[in-house]
Each structure stands twice: as structure tokens, then as C-alpha cells.
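S.K.: Pasting in a structure now, in C-alpha cells, and then I'll have a few things to ask.
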Amino acid sequence: MNDIRQNYIDGRWQPALSGATREIINPANGELIALVADSQAEDTRLAIAAAKRAFYGKGEWRRTGGPRRADTLLAIADAIKARAEELALLDTRDNGKPLREARADIDDAAACFRYYAGLVTKPQGGVYEVSDGFGPMHAFAMHEPVGVCGLITPWNYPLLMAAWKLAPALAAGNCVVFKPSELTPLSAVELFRIFHEAGLPAGTANLVLGTGPSAGQELASSHDVDMITFTGSTRTGQTIASLAVGNLKKVGLELGGKSPNIIFADADLEGAVEWAMIGVFFNQGEVCSAGSRILIEESVKERFVARLAERANAMTIGDGLHDPDIGAIVSQAQLEKILGHIERARSQGARLVCGGERYTAGSCAKGFFVRPTVFDQCTREMDIVREEVFGPVVAVQTFRTEAEAIEMANDTPYGLAGGVFTSDGARALRVVKEIRAGVTWINCYNPTFNEAPWGGYKMSGYGRDLGVNGLLEYQQVKQVNISLQPGPVGWYRR
Ligand code: NAD
């Protein structure tokens with residue numbers, strides 16, 4: 001394979017300094033689909049240096065006014081749309097997800113660039129009434145880019161996670177070094193081709209391909225990086241936060257979850273089943289906000305679980321290119337991790353209702369597939385209730401009272417998301433107000449919007465992606481005080 005995907009540093013495509021490459025595998029059939037640069041810290045240092053020169057040297061991008069930065073972001077959004085089908089096919093081949101879900105991701109990624117293009121042209125900062133102890137003053141705040149930002153993303157939404165970070169970071173005027181997951185880097189390479197064509201100044205956006213410990217870690221520890229934002233597992237997030245203290249860089253962490261989906265007996269049960277499936281089987285369950293703990297009121301549990309299992313058993317499974325309900329798991333390692341969780345749940349006494357095994361029918365034998373799995377009779381001490389699976393596996397527990405449901409929902413170190421289903425509006429809001437999580441849904445589960453802030457409480461991280469908050473993360477706020485006194489002020493007086 002001659003066509004090796006390379007790093008993009010200082011406006012040029014270049015191989016890893018060592019010349020090493022990694023194989024990218026299609027998880028639906030185990031076939032080799034690409035070779036990519038396998039970078040080390042030395043490559044990342046090159047990219048950081050380029051970003052530093054671009055930001056602190058010429059400063060072309062940060063000095064470009066918001067409306068012109070917006071024009072570039074809009075051109076990027078248009079180019080993503082123009083190449084949408086190609087990008088969707090890449091994400092499906094790389095990640096395994098159903099094609100229609102990949103298509104939706106690409107649409108959302110383009111919309112994310114469009115959203116931040118719009119936002120950066122709107123008023124920012126403020127003017128403040130201040131005391132006149134030093135004579136008349138005018139005080140205002142202005143928003144500035146943070147500087148050199150390191151961005152690291154996971155594999156579950158390859159292009160979309162890239163957009164969630166790159167769009168606001170660039171809108172704010174930063175220079176960035178981006179490291180996508182080593183498992184799914186292909187659409188990011190195409191995105192950087194789009195950046196190049198859109199005319200981003202050299203060094204503004206740099207791409208480094210490689211594993212976390214080899215290529216990513218340097219972004220956390222380097223004193224030349226002013227900010228790191230990371231989406232991935234809680235364990236890696238902890239490593240990154242501890243490495244970032246060296247120069248006290250700004251840190252944003254979007255981490256894992258074990259989110260509760262609470263269903264009361266008065267809910268529309270048929271609707272709740274459909275949303276619960278979207279909650280935990282969408283994207284093969286490889287979703288940080290997955291409603292992987294269903295808490296259901298005891299009186300309707302049997303009916304709910306029977307219907308959920310019926311629907312789960314009817315799901316089609318296969319190569320994402322054929323647009324099944326469930327595509328391939330991203331890698332053999334992730335497949336084994338999921339099967340390990342399933343095995344442990346059984347051995348710890350959870351009742352397997354459906355699924356619970358690798359799916360190997362026909363050509364799926366060559367890929368990494370898992371049947372959608374429902375466990376009933378789960379108890380709070382079981383690993384299946386406590387640990388993130390990141391696969392199509394759900395644990396069902398029962399509750400009797402609203403207070404018990406809330407207590408069970410919060411009995412987790414995570415705090416990313418949660419849902420509640422009930423026809424009682426006041427109760428829905430009461431429960432949502434008690435859930436210690438950053439994203440909640442009432443009578444639905446998992447819809448996500450570029451316009452609204454996304455992020456976790458507790459060990460699901462800190463900082464927010466998306467929405468106005470998402471732009472603020474990539475900005476510093478500077479206070480400016482102007483004396484309006486024409487002559488000498490004299491000493492301070494009240
Ligand atoms: P991961 O933590 O293994 O890897 C994420 C990224 O970090 C990858 O690019 C990886 O190369 C890099 N990385 C790994 N070790 C590193 C290190 N020591 N230094 C720097 N970078 C390092 O996670 P994953 O398996 O790719 O993704 C799954 C996890 O991501 C799940 O826990 C999921 O919940 C989480 N996630 C969270 C959100 C959110 O918005 N909160 C969204 C998507 C995924």
C-alpha cells in the first residue's frame with residue numbers, strides 16, 4: 001500500500017520522523033484499509049513548535065477578525081457537505097458504524113463548523129460599571145484565544161468528535177495540534193485536506209497520527225501547550241490531568257459514563273422501549289452517554305423487559321455499509337472487552353435475557369460483532385452496573401419509589417448523562433434536578449445538539465463542548481480598564 005496517510009504539520013504533509021506506520025483495519029471484515037503515520041513524541045513536538053510559531057510569531061489567524069475567521073469556517077462546512085458521502089463511507093469503514101449513522105455524523109460535523117462560524121461573529125465580552133476611586137474609569141472585558149491547544153479525541157464518532165473540538169478552538173483564534181484516535185484517523189486526514197484547501201495559515205491546525213502514549217501524551221505534558229482538551233476514557237483523562245499540572249495548562253475533559261435511564265410505570269412504555277434502545281444500542285452502544293443502566297419501576301418491569309428483548313432480538317447486525325441496525329465493534333480488543341463484561345455479569349448472577357454473545361453469522365465471522373444484550377436482575381454491586389462497557393449491553397434494575405430511583409441513579413462515580421420517562425411533568429423535572437449529571441433527557445434519550453452545552457459532572461470530566469460554553473472553553477477573558485481622567489488623579493480616594 002503506497003498511499004500512507006501522513007501528519008500535517010506547518011502546512012505540509014509529512015511522514016513520522018521514524019518512518020513508522022500503523023495498519024488501519026475495517027472492523028466489519030478484518031481487512032486492511034490504510035496505512036497511517038505512527039508518530040512519536042518527537043513528531044508531536046514538531047507540531048507543537050509549528051503551532052507556537054503560528055500563534056506567538058506571525059499570529060495571522062488570531063489577528064484575523066472574527067467575521068473572516070467565520071468565512072473560513074463556513075468554507076470548511078461547505079467542503080464537508082460537498083464530500084459528505086465519501087467521509088461517511090470512510091467513518092463506516094474505519095469505525096464499523098451503520099452508514100446512515102455515519103451520514104448523520106458528517107451532517108452534524110458540518111453544522112458544528114457552521115454554528116461556531118455564526119457564534120464568533122456575535123458580541124462577546126462586556127462593559128462594566130466600576131467604582132471611581134481612581135477617577136472616572138471605563139472597564140470592559142474582551143475574549144482572546146488561549147494560545148496553543150492540544151486536542152485529543154476517541155474513536156466512536158471520528159469526524160464528529162474532531163469537529164466538536166476543532167470548530168470552537170479555531171473559531172476562537174487558537175492554533176491547534178490535533179491527535180485523533182489511532183483506530184479511526186482516516187476522516188480526520190480528509191478534514192485537514194479541507195483545512196488546507198480552505199486556506200488556514202500554515203501552523204494554525206496541525207495533525208499528528210499515532211497512539212495516545214506515543215503521540216498524544218506530549219500534548220498533555222509539554223510546557224509549550226497552553227490548553228489541552230480531551231475526550232476519552234476516565235482513566236486516560238486522569239493521566240492527562242496529572243501531566244498537565246506542569247505548566248498549569250487549561251484542561252477540558254469529556255470522559256466516560258454509566259448513565260441511568262429511569263422509567264416510571266406511568267410512562268408511555270412502548271415509547272420508552274424505543275428510546276431506551278436508542279439510548280443503549282445506537283452506535284453499537286459505543287456512546288459515552290449510553291443509557292446503560294435502565295432503572296424501571298418494579299410493577300412494569302416484566303412487560304418492559306419482554307418488549308425490550310423482543311425488539312433487541314429483531315435488530316439486524318452486519319457490515320455498516322449495508323446499513324444494519326447494529327454495525328461492527330471498533331476493534332478486536334473492544335470486542336473482547338465487551339465479551340469479558342458479559343461473562344462477568346453472568347458469573348456475578350445477572351440474568352441474561354437476550355444476546356450475550358459474539359455474532360458470527362455469514363460474513364460477520366470475519367469481523368467484530370456483538371448481539372444486543374439485555375441483563376435483568378442486576379444489583380448495584382455488580383460490575384455490569386458499575387463499569388462502563390462501551391458496547392450494546394444494558395443492565396436492568398428495579399425501584400419502587402421516586403426517592404429510591406434517584407438514589408440508585410446517583411450511585412455511580414460518573415455523572416455524564418441521565419434520562420427519565422414519566423407522564424407526570426412535575427416529577428420529570430423533580431427527578432432531573434436531582435440527577436448529578438451534565439446532560440439529561442425527559443421522555444427521550446440521546447439527542448444531542450451543537451447549540452447546547454455537553455459535558456459531565458463527577459468522574460465524567462469537566463469543561464463543556466458545544467454551545468456558547470464550548471467557545472468560552474477556548475478563550476481567555478481579559479479585563480481592560482481605561483482612565484477617563486484628563487489630568488493627574490492623585491492618591492486613591494473613596
Ligand atoms: P481512550 O481514553 O483509550 O482514548 C481516547 C484518546 O486518547 C485516543 O486518541 C487515544 O490515543 C488517546 N490516549 C490514550 N492514552 C493517552 C495518553 N496516555 N496520553 C494522551 N492521549 C492518550 O478512550 P477510547 O477508548 O478511544 O474512547 C472511549 C472512551 O471515550 C469511553 O470511556 C467514552 O465514554 C469516552 N467518550 C466520552 C465522550 C464525552 O463526550 N464525554 C465522548 C466520546 C467518548
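The values are calculated or read from the model by the stated rules, or taken from the named source; none is laboratory data. It should be emphasised that the depicted structure is a prediction, and the values quoted were computed from it without experimental measurement. Note: ideal-geometry Cβ built from the backbone for every residue, glycine included; neighbour counts use all protein chains shown. When the accessible area is computed, the model is the full protein with side chains, heavy atoms only, and any ligands, DNA or RNA have been set aside. Shrake-Rupley method; radii C 1.70, N 1.55, O 1.52, S 1.80 Å.
S.K.: Please enumerate the residues belonging to the stretch 438-458 that are within 22 Å of the chain's Cα centre (by Cα), surrounded by fewer than 20 Cβ atoms within 10 Å (Cβ to Cβ) and in contact (Cβ under 8 Å) with a residue 40 or more places away in the chain.
M.R.: Passing the criteria: Cys444, Thr448, Glu451, Tyr457, Lys458.
S.K.: Still on this structure, please answer the following. For the stretch 161-174: of the residues being open to solvent by less than 10 Å² (accessible area, probe 1.4 Å) and in contact with a Cys (Cβ under 8 Å, 6 or more places away or on another chain), which is farthest from the ligand (Cβ to nearest atom)?
M.R.: Asn174
S.K.: Go through the stretch 400-423 residue by residue and tally those that are in contact with an Asp or Glu (Cβ under 6 Å, 6 or more places away or on another chain) and surrounded by 13 or more Cβ atoms within 10 Å (Cβ to Cβ).
M.R.: Number of matching residues: 2.
S.K.: Could you please find all residues in the stretch 250-279 being more than 13 Å from the ligand (Cβ to nearest atom) and within 21 Å of the chain's Cα centre (by Cα)?
M.R.: Once the filter is applied, which keeps residues that are more than 13 Å from the ligand (Cβ to nearest atom) and within 21 Å of the chain's Cα centre (by Cα), the stretch 250-279 yields Lys250, Pro260, Asn261, Trp275, Ala276, Met277, Ile278, Gly279.
S.K.: Taking the residues in the stretch 280-296 that are of a type outside the set (S, T, N, Q) and more than 20 Å from Arg436 (Cα to Cα) as candidates, determine which candidate is farthest from the ligand (Cβ to nearest atom).
M.R.: Phe281
S.K.: If we scan the stretch 378-399, do we find a residue that is aromatic (Phe, Trp, Tyr) and open to solvent by less than 10 Å² (accessible area, probe 1.4 Å)?
M.R.: Yes, there is a match, as at least one residue in the stretch 378-399 is aromatic (Phe, Trp, Tyr) and open to solvent by less than 10 Å² (accessible area, probe 1.4 Å).
S.K.: I'd like to verify a number: residues in the stretch 203-229 that are within 11 Å of the ligand (Cβ to nearest atom) and open to solvent by less than 10 Å² (accessible area, probe 1.4 Å), how many?
M.R.: Residues meeting the conditions: 9.
S.K.: Would you tally the residues in the stretch 132-146 being touching a residue at least 40 places away in the same chain (Cβ under 8 Å), open to solvent by 30 Å² or more (accessible area, probe 1.4 Å) and more than 23 Å from Phe195 (Cα to Cα)?
M.R.: Of the residues in that region, 7 qualify.
S.K.: Out of the stretch 54-80, which residues are small (Gly, Ala, Ser) and touching an Asp or Glu at 6+ places or on another chain (Cβ under 9 Å)?
M.R.: Ala54, Ala75, Ala79 - these are the residues of the stretch 54-80 that are small (Gly, Ala, Ser) and touching an Asp or Glu at 6+ places or on another chain (Cβ under 9 Å).
Residue by residue, here is whether (1) under 24 Å from His143 (Cα atoms); (2) in a helix (DSSP H, G or I) holds:
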residue	(1), (2)
Lys52	yes, yes
Ile76	yes, yes
Lys97	no, no
Asp105	no, yes
Ala109	no, yes
Arg114	yes, yes
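S.K.: Looking at the stretch 10-31, which of its residues are open to solvent by less than 70 Å² (accessible area, probe 1.4 Å) and under 30 Å from Thr316 (Cβ atoms)?
M.R.: Passing the criteria: Ile24, Ile25, Asn26, Pro27, Ala28, Asn29, Gly30.
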